[in-house]
Structure formats: C-alpha cells, structure tokens
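Report on the structure given below.
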Amino acid sequence: MRVPRMIAITLAGVTVLAPAAACSSADSPAAGQAAQAATAPPATPTPEPTHPFTGLPGAARKPVLVAKIENTSSGKPQLGLKKADIVYIEQVEAGLTRLMAVFSSNPPAKIGPVRSARISDLHLMPQFGKPAFAYSGAQTKMLPFIAKASLFDVSDSRVPGAYFRQPGRYAPYNLFANTKQLLAAAPKATKEKDIGFTFGDAPEGGVPKKTFSVKYPGARFTFGWSETAGKWLIWQDGQKDMAAEGGQLGAPTIVVQYVKTERSEFHDLNDSYTPLMHTTGKGKAVVLRDGQAFKAEWSRDSEKDGTVFTTAAGEPMNFAPGQVWVVLAAPKPVIP
C-alpha cells in the first residue's frame, strides 16, 4: 500500500507530520482573489465637499447671516469682514457705498458698525433662502417691504440684546453686534446652498493686471494684486482698507458686476434718492483672480435664483477658492 507523503509542520515548538497539500498555493481561491486585487485599478477618491460660497473644504452646512455694514471713513475700520464669505459693495445716497456682508462658514464673534438697510438688499437676499438679516433701522417708507421680505429680522429693534455700543467710537458708527445672539434669534434661518458660484482653475483668456479701479459718484475703489498674500488688496479713496482685527482687507476673487442702476422711490432726509441696483437679468462683469482680469457674463433668472457667471465663450467662470467680493457697479466698458 502506498503511504501518503508527509511534511513537517512546527507548532509552538512541537514538530508534527501532516499530509502534503493536494494543490499548490498558486491554484488556491485565496491566491486568485489576491491576484485580482493586485491588478484591479485604484478606486477613485470621493471629492471632499466644499462650501458653496467660498469653494473651500467643508461639509457642514450652517445658517446664513446677512449684515449691513458701514463703509465710509467715519465707520472704519470695520470688524468681522475678514471672516465674511461674500461681501457686496452697493451704491447708496450721495454716491457713497455701503456693504452687505454674508456670513455662514466661519462667522466672527462680533461685527460692525451695523447700519441701516437699503432696498437693493431685499432684492439680493432671496437667493440665500430666508437668512437672518442684521441691520439698524431703515427709511419709514421701506419698513413694510422689509416685513414682507424673505428674511428673519434680527435688527437692533427686534433683538436689542445682541447689539452693543463700541467704546471709542461715536454714534451712529459705534453699533456692533454679537453673531451668536443674532443667529440664536433666527433658529430657522436657511443654511447655505448653491447660489451659482463655481470654483476651480482659471479659464483661458485672462489679461494680466496689477490694479483695477471702480468709481462711484462719491467713492473710488482700487484692487491691487498681491502675489505674496495671494489676494487682491483693497484701497478706498486712496487709503488702505484696513480691518479692525489688523491687516488690509482683500480677497482672492473680486467680481465687478455691472448692473442697471436707477433712482428708487426712497430717499433720505436731505432728499437724496436711494439707488436701486437691478441684480436680476443679464449683464457684463469683470472677474479678478490670480493677478488677471477676465471678461465675463452674468445672469440671474429670478430673485430666488443665484447669479451664474460665465466666460465670453459660455464656459463656467471659476472663482479662486476663498472669500468673494462682489462690486455692484453701473454699466461701463469692460476691462479698459
């Protein structure tokens, strides 16, 4: 009788005999699976979620807070703008400007000076859903419009405990607010969502620019590219636009959006009429990023829709990730 071939196996120092395997390791199912795994293409990594306002990494979705911020020399330096996701520059009475700052991804603890609302704000905000809106007063004739608008009113008259007077400043430029208290007063404020912005590599066709200026009747802004900072630094009326926290204000992307601007039905005590800036429809734009200026088109079908920016060829006009400033300006030739 044929005796099965035996092999020696050492287990914990004891040598035992076992029958030889009937098949080679190369023929085993486990070996086949290992070979398949070795030759399979690598799995495509899932892209990390990004914030719809900034294009920066972040999966969390937080409520949106919109605040009206002073923008004349009397109210400078402003507090909290460095942490805004989006900052809009709007023309107001006498050709001056005021800011509408949008906070969501990383709101600062305090913001200010908080000032009064304008009619153009109410036409911009519906794209954010129903955000919390921080402001201090409005023309009496405009109050019914605010009451009907798509927003949660967290003004100083509605949430007085969230506001305080900043020492060392004078009224009305000394009213500041605590953002946690503002958001706590609007627990159902809409969380951030897509508003039409796209982020990524710059398209072809940019024109190298060191500076770009935008003039209003009573204010002038210059945006200067800083390779070191990786952003466009801001000057207003020939002066560096400084932040109360320190450093010069600026952003990786500046969007100069040319919009139809006309006189509204509202005016101040000096009978200076409030401009109404039309942000729905279509128009021209200049997008500043990476030290270049790009001709662009903008479109916004309705006030509930976001604003889509495209290149002259109809491709998405990508912004550089980070804070975005949108300069709402009267129409003029694009890229002089």
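Let's see how each residue does on (1) buried (at least 21 other Cβ atoms within 10 Å of the Cβ); (2) at pLDDT below 95; (3) closer than 30 Å to Leu143 by Cβ:
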site	(1), (2), (3)
Gln257	yes, no, yes
Glu262	no, yes, yes
Thr280	no, no, yes
Ala293	yes, no, no
Arg300	yes, no, yes
Gly306	no, no, yes
Val327	yes, no, yes
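If the Cβ limit is 7 Å and pairs must be 6+ apart or interchain, which residue in segment 255-267 that is farther than 30 Å from Met317 by Cα pairs with which residue that is outside any strand (DSSP E or B)?
If the second residue must be outside any strand (DSSP E or B), the pairs left are Ser264/Ile119; Phe266/Ile119; Phe266/Gln139; Phe266/Lys141; Phe266/Met142.
Output the number of residues of segment 159-173 satisfying the condition of being crowded, with 17+ Cβ neighbours inside 10 Å and not in a helix (DSSP H, G or I).
Of the residues in segment 159-173, 3 are crowded, with 17+ Cβ neighbours inside 10 Å and not in a helix (DSSP H, G or I).
Considering each residue of segment 144-171, count those that are in contact (Cβ under 8 Å) with a residue 24 or more places away in the chain, touching a Leu at 6+ places or on another chain (Cβ under 9 Å) and of a type in the set (Phe, Trp, Tyr), and give that number.
Summing the residues that are in contact (Cβ under 8 Å) with a residue 24 or more places away in the chain, touching a Leu at 6+ places or on another chain (Cβ under 9 Å) and of a type in the set (Phe, Trp, Tyr) in segment 144-171 gives 2.
If you go through segment 317-331, how many residues are among the small types (Gly, Ala, Ser) and not in a loop (DSSP other than H, G, I, E, B)?
Counting residues in segment 317-331 that are among the small types (Gly, Ala, Ser) and not in a loop (DSSP other than H, G, I, E, B) gives 1.
Could you please find all residues in segment 238-253 being under 18 Å from Gly75 (Cβ atoms) and among the hydrophobic types (A, V, I, L, M, F, W, C)?
Passing the criteria: Met242, Ala243, Ala244, Leu249.
Of Asp194, Asp156, which residue is of a type in the set (Asp, Glu) and surrounded by fewer than 16 Cβ atoms within 10 Å (Cβ to Cβ)?
Checking each option against the conditions leaves just Asp194.
Within the set of pairs 6+ apart or on separate chains, which have a first residue in segment 44-58 that is among the acidic types (Asp, Glu), a second that is modelled with pLDDT under 80, and C-beta atoms under 9 Å apart?
Qualifying pairs under 9 Å: Glu48/Ala59.
In segment 66-103, which residues are small (Gly, Ala, Ser), closer than 24 Å to Arg158 by Cα and touching a strand residue (DSSP E or B) at 6+ places or on another chain (Cβ under 7 Å)?
Answer for segment 66-103, where residues must be small (Gly, Ala, Ser), closer than 24 Å to Arg158 by Cα and touching a strand residue (DSSP E or B) at 6+ places or on another chain (Cβ under 7 Å): Ala67, Gly80, Ala84, Ala101.
Could you grab me the full set of residues in segment 278-316 that are outside any loop (DSSP other than H, G, I, E, B) and in contact with a helix residue (DSSP H, G or I) (Cβ under 9 Å, 6 or more places away or on another chain)?
Arg300
From (1) crowded, with 17+ Cβ neighbours inside 10 Å; (2) polar (S, T, N, Q); (3) without any contact (Cβ under 8 Å) to a residue 12 or more places away in the chain, pick out the condition that doesn't hold for Ser136.
(3)
How many residues, within segment 42-66, are in a strand (DSSP E or B) and either surrounded by fewer than 17 Cβ atoms within 10 Å (Cβ to Cβ) or modelled with pLDDT under 95 (or both)?
Final tally of qualifying residues: 2.
What do you reckon, is Lys188 of a type in the set (Lys, Arg) and closer than 29 Å to Gly129 by Cα?
Considered against the rule, which asks whether it is of a type in the set (Lys, Arg) and closer than 29 Å to Gly129 by Cα, Lys188 comes out as yes.
The values are calculated or read from the model by the stated rules, or taken from the named source; none is laboratory data. None of these values were measured; they are calculated from a predicted model. Neighbour counts run over all protein chains shown; Cβ positions are idealised from the backbone, glycine included.
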